[in-house]
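The values are calculated or read from the model by the stated rules, or taken from the named source; none is laboratory data. Not measured: the values here are computed from a predicted model. FYI the Cβ positions are ideal-geometry reconstructions off the backbone, even for glycines, and counts take in every protein chain you see. Accessible surface areas use protein heavy atoms only, side chains included; no ligands, DNA or RNA. Shrake-Rupley method; radii C 1.70, N 1.55, O 1.52, S 1.80 Å.
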Amino acid sequence: MTATLDITREVCPMTYVRTKLRLEPLEPGTLLEVRLRGAEPLKNVPRNARDEGHEVVSLDALPDGTHRLVLRKQGR
């Protein structure tokens, strides 16, 4: 199962706040696909997710200038 989140219009620190809020209700092992834009979110969102124990599965640049980040929620 994969959940989605589009934070392309958000700015830091709200980019990770929105990501964290989206991860919270998910079951451990669930994938979250996050669309993001900009250098700061590209650096901070994956780092903060790792710091909280989640797995960064992939991070890919898309043709429209955004990035697709896939996170796997870890159990707590």
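Below, the figures for the structure above:
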item: ARG68 vs. criteria among the basic types (Lys, Arg) and buried (at least 16 other Cβ atoms within 10 Å of the Cβ); result: no
item: Complete set of residues in the stretch 1-37 that are open to solvent by 90 Å² or more (accessible area, probe 1.4 Å), farther than 15 Å from ARG72 by Cβ and aliphatic (A, V, I, L, M); result: VAL11, LEU21
item: Residue ID - farthest from GLU24 (Cα to Cα), chosen from residues in the stretch 43-65 that are in a helix (DSSP H, G or I) and open to solvent by less than 40 Å² (accessible area, probe 1.4 Å); result: ASN44
item: Filtered residues of the stretch 31-66 (kept if among the aliphatic types (A, V, I, L, M) and closer than 15 Å to CYS12 by Cα); result: VAL34, LEU36, ALA39, LEU42, VAL45, ALA49
item: Given (1) over 19 Å from GLN74 (Cβ atoms); (2) touching a Lys or Arg at 6+ places or on another chain (Cβ under 7 Å); (3) outside any loop (DSSP other than H, G, I, E, B); (4) among the acidic types (Asp, Glu), number of the condition GLU40 does not satisfy; result: (2)
